[in-house]
Each structure stands twice: as structure tokens, then as C-alpha cells.
1. Apply the a/c threshold of 1.5 to the C-alpha gyration tensor of the chain and tell me whether it is rounded, prolate or oblate.
2. What length, rounded to one decimal in nm, is gained on full extension from Lys70 through to Gln160, with 0.36 nm per residue of separation minus their alpha-carbon distance?
3. How much length, in nm to one decimal, is gained on full extension between Ala4 and Trp54, taken as 0.36 nm per residue of separation minus their Cα-Cα distance?
4. Given the rule -39500 (n - 2.57) for each run of at least 4 DSSP H residues, summed and divided by the residues of the chain, what is its mean residue ellipticity at 222 nm, to the nearest 500 deg cm²/dmol?
5. Once both labels are modelled 7 Å past Cα along the beta-carbon direction, what's the Lys116-Arg38 spacing in nm?
6. Shape of region 141-192 from its Cα gyration tensor (a ≥ b ≥ c, root eigenvalues): rounded if a/c is under 1.5, otherwise prolate when a/b > b/c, or oblate?
7. Which value, in debye to the nearest 20, describes the size of the charge dipole of region 84-241 about its Cα centre when Lys and Arg Cβ atoms bear +1, Asp and Glu Cβ atoms bear -1, and nothing else is charged?
8. Find how much the distance from Ser241 to Lys126 grows on full extension, using 0.36 nm per residue of separation minus their present alpha carbon separation; answer in nm with one decimal.
Amino acid sequence: LSIALNNMIDRLREAFDQNRRFLADASHELRTPLAALRGEMESVVEQARALPEWRDRVGSALEEVDRLAKIVETLFAISRLDAGEAQQVWTQFDLARLASSTAEQMSLLAEDKGVKVSCQVPAEVKVEGDRARIKQVVVNLLDNAIKYTPRGGAVSLHVQARGGKAMMEVVDTGIGIPSGALPHVFERFFRVDKARSREAGGAGLGLAIVKSICAAHGGKVEVESVEGKGSQFRVELPLAS
Ligand code: ADP
């Protein structure tokens with residue numbers, strides 16, 4: 001039995017490594033042709049100045065290329081984070097200050113949507129890591145909370161040190177997530193309602209990269225949600241020593 005189990009674990013590990021290598025190779029290989037395509041199309045737009053119909057058509061194809069390029073970049077970043085290869089700029093910083101300044105920047109976007117953003121950060125909470133990546137975690141979680149909360153709702157952000165950990169919570173009074181979908185929201189390309197979230201610009205990679213960034217920092221992210229009532233995303237990171 002133990003030999004069979006060991007063989008199975010080896011096969012699983014191999015499949016997992018293959019899967020990871022495939023993602024890394026595919027995203028890496030796709031970057032160059034996409035950049036070339038974008039360059040070509042930009043020059044067509046330039047030359048087609050006199051032909052408005054052509055300019056519009058190539059312009060909208062260019063938007064799709066940009067969208068594809070963003071997806072490829074995110075996949076590439078996820079594969080590098082998961083392989084522990086991302087070149088991170090490791091520093092010590094105050095998560096509370098990062099969270100409150102990000103919330104302030106994003107509250108303008110929320111105001112346009114009629115959603116109120118508040119932020120409670122009672123004291124300094126020092127963590128260690130790549131500040132730009134952790135900012136991306138805050139941005140992605142706030143962006144979702146604002147995106148999936150209807151007009152008149154509220155989003156709140158809390159940061160505190162608790163039990164030797166840095167805890168950040170993003171709570172919204174939005175549409176919530178159906179319980180059947182909850183275990184999948186951190187998977188790549190998962191969207192509860194494909195049509196609606198594509199309209200809002202999402203490819204279903206925002207939470208996948210949040211999970212990879214948290215894991216690369218020795219932390220984790222969890223979600224609780226009640227459909228129709230709202231969601232709560234909780235990020236836990238080690239405090240700086
Ligand atoms: P997307 O770019 O589509 O928003 P994400 O990976 O960020 O992709 O999120 C995955 C899915 O989880 C979303 O499509 C949405 O259905 C759901 N989701 C994420 N955050 C929230 C939230 N705060 N409230 C309700 N649904 C959410």
C-alpha cells in the first residue's frame with residue numbers, strides 16, 4: 001500500500017510540475033508575438049489616419065490585443081510567483097499605511113459608482129515583502145468589492161495585528177458569492193457570472209494572483225460570503241520580525 005501511495009504521490013507531483021512548466025512556457029512564448037502584433041497594429045493605425053473606418057476597426061482589435069497581453073502578463077506573473085522565481089524587491093513596510101492610501105485612491109472610483117469606501121487602521125502594522133505586489137492584493141480586493149457592490153452599498157477595509165499576524169479584511173455589502181462557487185473563486189479564470197464580469201473587464205485572474213502573492217509572502221487569503229448580503233476577504237501575512 002505504501003509503495004502504491006508513494007507512486008501516486010510521485011505521479012501527482014510530476015503532473016503538477018508539468019502543469020506549472022506549461023503555464024510558464026506558454027505565457028512566456030505568447031509575450032513576444034503579442035508585442036509584435038501590437039507594434040504592427042499601432043503602425044497600421046498611424047498610417048490609416050486618413051481612413052476613419054479602418055482606424056476604428058484596427059483600434060478595437062488593438063484593444064483586444066491589449067486585453068490578451070494583460071492576461072498573458074498576469075499568467076506569467078502567477079507562474080513565476082508559484083515557482084518562487086519572481087524577482088521581488090523585499091522591504092519592510094507599514095501595511096496599514098499602504099492599505100489606507102490605496103483605499104483613498106480607489107474611493108474616487110467608488111464614489112462614481114455610488115459606493116462608500118471606509119478604512120479602519122488603528123495602528124502601524126509592519127510586514128515584510130514586495131510592496132508593489134502587496135499593493136496589487138489591496139487593489140484587486142478593493143476593485144472587486146467596489147465592482148460587485150451595487151449603488152448605495154459600502155466597502156470597508158480593516159488592518160490590524162492579531163495573534164502575531166498582520167490581518168487585512170475587505171468587507172462589502174454587495175451581491176455576495178453563491179456557496180457552490182466559493183471553493184473556486186481563487187482558481188484561474190473562474191468567474192461566477194462569466195457574461196457580467198467580462199463586461200466589467202475581468203478575466204477571472206484577479207483573485208488567482210492575490211492567492212499566489214499571499215502564498216509567496218508566507219501568508220494566505222480566505223473568503224466568506226452570503227449571496228445577496230456581501231463578502232468578506234481576509235488576508236493573513238506574517239508580521240515583520
Ligand atoms: P474578475 O476579474 O472576473 O473579477 P476575480 O478573480 O477577481 O475575477 O474574481 C473571480 C470571481 O469571483 C468574479 O468573477 C466574481 O464572480 C467573484 N467575486 C470576486 N470578488 C467578489 C466580491 N467582492 N463580491 C462578489 N463576487 C466576487
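1. Oblate shape, in that a/c is at least 1.5 and b/c is the bigger or equal ratio.
2. Numbers: separation 90, 0.36 × 90 = 32.40 nm, distance 3.24 nm.
Working it through step by step, the gained length comes to 29.2 nm.
3. Between Ala4 and Trp54, full extension yields 11.8 nm more.
4. Theoretical 222 nm ellipticity from helices: -19000 deg cm²/dmol.
5. Roughly 4.0 nm, to one decimal.
6. Because a/c hits 1.5 or more and a/b fails to exceed b/c, region 141-192 counts as oblate.
7. 180
8. On the way: separation 115, 0.36 × 115 = 41.40 nm, distance 0.86 nm.
That works out to 40.5 nm of additional length.
Coordinate-derived values only; no laboratory data. Since the structure is predicted, the reported quantities are computational estimates derived from the model, not experimental observations. Positions of Cβ are generated from backbone atoms using ideal geometry, with glycine treated the same way; all protein chains shown enter the neighbour counts.
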